[in-house]
Each structure stands twice: as structure tokens, then as C-alpha cells.
Amino acid sequence: MSYWLFKTEPSECSIDDFANAPDTPIVWEGVRNYQARNMLRDEVQKDDLVFIYHSSCKLIGVAGIARVVRTAYPDPSQFSAASAYFDAKSSHESPRWVAVDLVFVEKLPAIIPLDKLKSLAKLSELPLVQRGSRLSVMPVTPEQWQSILQQR
DNA sequence: GCCAACGTTGGC
DNA sequence: GCCAACGTTGGC
């Protein structure tokens, strides 16, 4: 069992979308970066736990926790011309992008803000707080996971 | 395979 | 909205 952190813009998909549909899998689609894709495809396993991180919004930080219920499969949005995530260079025969499904686990009582995460020495190796890092899917070590959870 | 130009991310 | 940093594209 591994831990992850996934970034999302809450205007697109927020922890409340999970909380409002606690038994409905959320399709985590739209990852369009190869490094992130490779982790989704090759490493994210069923029952892994995921911090849901809100970016590009007023209150930036870790908002809650979700659990993986379906491992990587072809991201449907890449085939949909109407989707913002449409990729004309992908094909059903050889899909370029993958999605996973997540379900709600927990909404944190308060967002753990990015400032706080940056101030924690134990998180210095977490790509999220490293200069220039833009990874939208990243691994979290058990120690980092506990360190973040302690900020609740 | 190099690398300039362009596009995207995401905090501020 | 700005812009630094990074990623991708495509001509050569």
C-alpha cells in the first residue's frame, strides 16, 4: 500500500465533490504529463491512499483523502473531441493517457495550507514543496504522510 | 539528437 | 494578470 498526492483545481474537482458523493467513484482524468502518467499507470495500486491537494485557488493546500478503487485504464476524456482533455494524437488501439478511480475517505477539518507544508522539515524532499516542481501526481512516503496528517 | 520557440503550470 | 520554471514540439 502506497501513499500519493494528487493536485486538482477545486473549480474543476474539489474535495467537496468527493464528500458530496461518498459512495461514487470519481474518475481522475486529465493527467497530461508523462512523468505523472507513468506513476498513475505503473505504480498506483488499488487501496492506495491519496491526499487531494487544491491548487490555483484561494486556499491552496491539502484538503482531504481519497482511496484508489480502480487502477489505471484508458482515460476516456482523451477520445472525446468535446473535452478540454481531448488528444487527437491518441487512439483506442494505443491510448496515450490513463485515468484511475478514487472514492472519498475524509475531508480534513481545515485545509493544510501550502505555507505550513513548506515549513515542515520532514517534507523537504516532497516534490510539492521543491522549487520548480510541477508534478501533479507524486509519491508520498509513510513518514511524509504522517507528518502531513499531524497538522490536522 | 539539438535546441529555439512555444505552451503550460501554478504560486504570488 | 504576471512570470519563472519547466515541458513539449518540430525543423534542421
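Got a number for the accessible area of A:Y53? Probe 1.4 Å, square angstrom, nearest 10.
For A:Y53, the solvent-accessible surface is approximately 10 Å².
For A:A81 and A:T141 in one chain, what is 0.36 nm times their gap in residues minus the Cα-Cα distance, to one decimal in nm? Each step should come with its number before you reach the end.
On the way: separation 60, 0.36 × 60 = 21.60 nm, distance 3.76 nm.
Between A:A81 and A:T141, full extension yields 17.8 nm more.
Using a probe radius of 1.4 Å on heavy atoms only, what accessible surface per residue do you get for the range A:3-149? Whole Å² is fine.
It amounts to 52 Å² per residue over the range A:3-149.
Taking all protein chains together and a probe of 1.4 Å, list A:K116, A:K58 from the most accessible to the least accessible.
Values: A:K116 85, A:K58 210 Å².
Largest accessible area first, the list is A:K58, A:K116.
Provide A:I26, A:I65 ordered by accessible surface of protein heavy atoms (probe 1.4 Å), highest first.
Sorted by accessible area, descending: A:I26, A:I65.
What number, in nm² with one decimal, is the all-direction average of the projected area of the convex hull of the alpha-carbon atoms of chain A?
9.0 nm²
Specify the inter-centroid distance of the range A:1-46 and the range A:87-108, based on alpha-carbon positions, in whole Å.
What the calculation gives is 8 Å, centre to centre.
Which order, highest average first, do A:89-101, A:40-52 follow once you tally other Cβ atoms within 10 Å for each residue and take the mean per peptide? Provide the component values of the computation, followed by the final result.
On the way: A:89-101: 15.3, A:40-52: 18.1.
Taking the mean over residues of other Cβ atoms within 10 Å, the ranking is A:40-52, A:89-101.
Placing +1 at every Lys and Arg Cβ and -1 at every Asp and Glu Cβ, with all other atoms neutral, what dipole size does the range A:12-152 have around its Cα centre, in debye to the nearest 20?
480 debye
Quantify, in whole percent, the carbon and sulfur part of the accessible surface of the range A:17-117 (1.4 Å probe; protein heavy atoms only).
On the way: 2620 of 5210 Å².
Whole-percent figure for carbon plus sulfur exposure: 50.
Which order do A:F6, A:F79, A:F86 take when ranked by solvent-accessible area (1.4 Å probe, heavy atoms of all protein chains), largest first?
Listed by decreasing accessible area, they come as A:F86, A:F79, A:F6.
When only Cα pairs under 8 Å and 6 or more residues apart are kept, what is the percent relative contact order across chain A? Working shown, then result.
Values: 300 pairs, mean separation 47.2, N = 152.
Worked out over chain A, it gives 31 percent.
Output ³J(HN,Hα) for the range A:10-26: one whole-Hz value per residue in order, computed from phi by the Karplus curve 6.51 cos²θ - 1.76 cosθ + 1.60 with θ = phi - 60°, and x for Gly and Pro.
Those phi angles translate into x, 5, 8, 7, 10, 4, 5, 5, 5, 4, 6, 9, x, 9, 9, x, 9 Hz.
The values are calculated or read from the model by the stated rules, or taken from the named source; none is laboratory data. Computed from a prediction, not measured in an experiment: that's the story for all the values here. Because the Cβ atoms are built from the backbone with ideal geometry, glycine has one as well, and the counts that use them run over all protein chains shown. Note: accessible area is taken over every heavy atom of the protein model, side chains too, but ligands, DNA and RNA are not part of it. Shrake-Rupley method; radii C 1.70, N 1.55, O 1.52, S 1.80 Å.
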